[in-house]
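K.L.:
Supplied in structure tokens, the structure appears directly below.
The values are calculated or read from the model by the stated rules, or taken from the named source; none is laboratory data. Source: prediction; values computed, not measured. Here the Cβ positions follow ideal geometry from the backbone for every residue, glycine too, while neighbour counts run over all protein chains shown. Accessible surface areas use protein heavy atoms only, side chains included; no ligands, DNA or RNA. Shrake-Rupley method; radii C 1.70, N 1.55, O 1.52, S 1.80 Å.
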Amino acid sequence: MDYKSIIINSGLEIIKRGLTVETWGNISVRDSESGLVYLTPSAMKYDEITEDDVVVMDIDGNIVEGKRKPTIETGMHLAIYKSRPEINAVIHTHPIYSMVYAVQGRSISQFTDETAQALGGEVLCTKYALPGTDEMAKEVAKALPETHRACLIHSHGAVCLGRSMSEAFKTATVLEATARVLQLVEATGAKPAGISQENIDYMWDFAQNKYGR
Ligand SMILES: [Zn+2]
């Protein structure tokens, strides 16, 4: 598979879907066979990234290929891959509605069928940590335990995971739509009625193991 084009196309997709602002955010994909991680370079506009700009690293952060400086959040991406062997794609963005909750340091519960099928657990929010630090990398990995596919970074943004890049995009789209619905519900002074944990577990199992064409 051509992982460098996956990074380039995903960057364009992030702009198209309105998932971030300016150059903020970063993307990575792991080749599950070689274990190598492909990352977006630091401070480049998504629509200017070419194959030569993609940085290839091993899981310990040694650069294997590429001349650019990797994203400032490299440590966060690698920490996630280390703790989640089934995950092969990570998207970090600053989407508006998710930010509404990230700036409050609030988690988002699974109150729709979509969240139960795509997010793999409550969307936890980290404690505050400075961007690009080991502390932030650790906090993010901690907010993504077990099957969780998305978390919020306090006062900063969102991190969405997938076994593949298309699944990570699904996670990102569902998270942002969910945050938007929650904001609209709360704007009326109400709260979501909620779904039982039993039903959430059933839907997750179905979506992961039984759903398909
Ligand atoms: Zn960020």
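K.L.:
Any chance region 115-125 includes a residue that's open to solvent by 30 Å² or more (accessible area, probe 1.4 Å), of a type in the set (Asp, Glu) and in contact with a His (Cβ under 9 Å, 6 or more places away or on another chain)? Walk me through it before giving the result.
P.N.:
First, pick out the residues of region 115-125 that are open to solvent by 30 Å² or more (accessible area, probe 1.4 Å): 117, 122, 124.
Those still in the list that are of a type in the set (Asp, Glu) too: 122.
With in contact with a His (Cβ under 9 Å, 6 or more places away or on another chain) added as a condition, the list becomes 122.
Yes, that holds for at least one residue.
K.L.:
I would also like to ask the following. It is to be established whether one or more residues within region 156-172 are assigned to a loop (DSSP other than H, G, I, E, B) and within 15 Å of the ligand (Cβ to nearest atom). It would help to see each step written out before you state the result.
P.N.:
Taking region 156-172 first, the residues assigned to a loop (DSSP other than H, G, I, E, B) are 156, 163-164.
Now drop any that are not within 15 Å of the ligand (Cβ to nearest atom), which leaves 156.
The answer is yes; a qualifying residue exists.
K.L.:
If residue 213 satisfies every condition in (1) at pLDDT below 95; (2) in contact with an Asp or Glu (Cβ under 8 Å, 6 or more places away or on another chain) but one, which is the exception?
P.N.:
(2)
K.L.:
If you don't mind, another one. When the residues of region 19-42 are filtered to those that are more than 16 Å from the ligand (Cβ to nearest atom) and of a type in the set (Gly, Ala, Ser), which remaining residue is surrounded by the most Cβ atoms within 10 Å (Cβ to Cβ)?
P.N.:
Step by step, filter region 19-42, then rank; the result is 32.
K.L.:
Here is a follow-up. Inspect all residues belonging to region 184-195 and state whether any of them is open to solvent by 10 Å² or more (accessible area, probe 1.4 Å), at pLDDT 95 or above and within 28 Å of residue 15 (Cβ to Cβ).
P.N.:
Yes, some residue in region 184-195 is open to solvent by 10 Å² or more (accessible area, probe 1.4 Å), at pLDDT 95 or above and within 28 Å of residue 15 (Cβ to Cβ).
K.L.:
Report, by residue number, each residue of region 21-32 that is polar (S, T, N, Q) and either modelled with pLDDT of 95 or more or out of contact with any Phe, Trp or Tyr (no Cβ under 8 Å at 6 or more places or on another chain) (or both).
P.N.:
Here is the first cut: in region 21-32, the ones polar (S, T, N, Q) are 23, 26, 28, 32.
Those that are polar (S, T, N, Q) and either modelled with pLDDT of 95 or more or out of contact with any Phe, Trp or Tyr (no Cβ under 8 Å at 6 or more places or on another chain) (or both): 26, 28, 32.
K.L.:
Something else: What's the total number of residues in region 50-92 that are in contact (Cβ under 8 Å) with a residue 24 or more places away in the chain, over 22 Å from residue 157 (Cα atoms) and small (Gly, Ala, Ser)?
P.N.:
Residues that pass the stated criteria total 1.
K.L.:
Tally up the residues in region 129-155 that are assigned to a loop (DSSP other than H, G, I, E, B), within 16 Å of the ligand (Cβ to nearest atom), under 25 Å from residue 61 (Cβ atoms) and out of contact with any strand residue (DSSP E or B) (no Cβ under 9 Å at 6 or more places or on another chain), please.
P.N.:
3
K.L.:
Specify the residue that is least open to solvent (accessible area, probe 1.4 Å); the eligible residues are those in region 164-183 that are of a type in the set (A, V, I, L, M) and over 17 Å from the mean Cα position of the chain (by Cα).
P.N.:
If we take residues in region 164-183 being of a type in the set (A, V, I, L, M) and over 17 Å from the mean Cα position of the chain (by Cα), then 182 is least open to solvent (accessible area, probe 1.4 Å).
K.L.:
If I go through region 49-76 residue by residue, how many of them are of a type in the set (S, T, N, Q) and more than 18 Å from residue 89 (Cβ to Cβ)?
P.N.:
2
K.L.:
Kindly provide the set of residues from region 1-49 that are assigned to a strand (DSSP E or B) and of a type in the set (Phe, Trp, Tyr), ordered by number.
P.N.:
If the condition is that a residue be assigned to a strand (DSSP E or B) and of a type in the set (Phe, Trp, Tyr), then 38 is the only one that fits.
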